[in-house]
1. Given the DSSP H assignment, sum -39500 (n - 2.57) over each helix run of at least 4 residues in the chain and divide by its residue total; what's the result at 222 nm in deg cm²/dmol, nearest 500?
2. What is the magnitude of the charge dipole of segment 1-66 about its Cα centre, with +1 placed on the Cβ of each Lys and Arg, -1 on the Cβ of each Asp and Glu, and no other charges, expressed in debye to the nearest 20?
3. What distance in nm separates the simple spin-label points at residue 122 and residue 149, each placed 7 Å from Cα in the Cβ direction?
4. For the Cα atoms of the chain, what angle does the longest principal axis make with the long axis of helix 193-203, in degrees from 0 to 90, nearest 10?
5. Which loop-located trypsin sites (Lys or Arg not before Pro) does segment 129-170 contain, where loop means any DSSP state but H, G, I, E or B and the Cβ has at most 12 other Cβ atoms within 10 Å?
6. How high is the FRET efficiency between residue 139 and residue 46 when r is their beta carbon distance and R₀ equals 22 Å, given to the nearest 0.05?
7. Evaluate the relative contact order of the chain (contact order divided by residue number), counting alpha-carbon pairs under 8 angstrom at least 6 apart; express in whole percent.
8. Test of the criteria: in segment 123-209, which chymotrypsin sites (Phe, Trp or Tyr not before Pro) are in a DSSP loop and have at most 16 other Cβ atoms within 10 angstrom of their Cβ?
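What follows draws every value from the coordinates through simple rules; no lab data is involved. The structure presented is a predicted model; accordingly, all values stated were derived computationally and were not measured. Quick reminder, even Gly has a Cβ in these numbers, built from the backbone with ideal geometry, and neighbours come from all protein chains shown.
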Amino acid sequence: MEHKKTYFSRTFPHDEGKLIIEGPVSSERLASFEFHEGLKAFRPSKQQQEALVKIAAFPEGRINVARIENMVVGYVTFLYPDSLERWYEAELANLIELGAVEVVAAYRGARIGKSLLELSMLDDAMEDYIIITTEYYWHWDLKGTGLNVWDYRNMMEKMMRAGGMEFFSTDDPEVCSHPANALMARIGKRVDQESIERFDRVRFKHRVNY
């Protein structure tokens with residue numbers, strides 16, 4: 001499958017200067033940016049930058065960022081599912097995962113997450129993909145936001161819906177391990193029926209629950 005990528009950019013006013021939402025960004029450009037030290041949800045910001053540089057080099061990899069001047073304050077990633085995840089078992093070249101959305105805590109009131117997802121879907125090539133995301137409450141910044149599990153889930157749902165994501169049921173053990181966890185997906189307009197059926201089969205391994 002040819003992974004076509006078209007660059008888009010939007011600019012918004014911000015107290016600290018112009019807020020630029022852009023992508024997909026190349027590995028070279030990502031390496032030239034500074035990453036805010038608050039981007040540490042998964043690993044220290046410098047190491048996270050290195051990880052994103054690698055993802056951007058993947059044929060299917062997409063990294064969209066939010067930045068003020070040269071400082072990245074948020075990002076979203078798209079790439080193939082990890083080989084340890086059940087979604088990988090579908091063996092679909094047109095199935096990619098929205099792997100992470102992270103925004104520095106101090107900038108979370110500026111709708112950056114929603115803007116990143118809206119920009120991500122401007123590329124017509126996204127209509128060729130099944131895009132999935134798995135939401136697990138143990139990944140959420142409940143302490144930093146002061147929200148309870150269900151308020152945080154509602155916030156995440158609104159953000160994901162900005163990118164056209166919808167809830168899909170599954171019997172995946174991790175998703176089913178807590179009622180706040182969820183599988184969300186967006187099925188592009190040009191995705192063929194066979195791919196949809198293979199996605200359905202991997203969502204439900206135990207047919208009795210289908």
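1. Helix-only estimate at 222 nm: -8000 deg cm²/dmol.
2. 160
3. Label at residue 122, label at residue 149, 3.8 nm between them.
4. Taking Cα atoms only, the helix is inclined about 90 degrees.
5. none
6. Efficiency for this residue pair is about 0.60.
7. Relative contact order of the chain: 18 percent.
8. Counting only loop positions with at most 16 other Cβ atoms within 10 Å, the chymotrypsin sites (Phe, Trp or Tyr not before Pro) in segment 123-209 are 136, 204.
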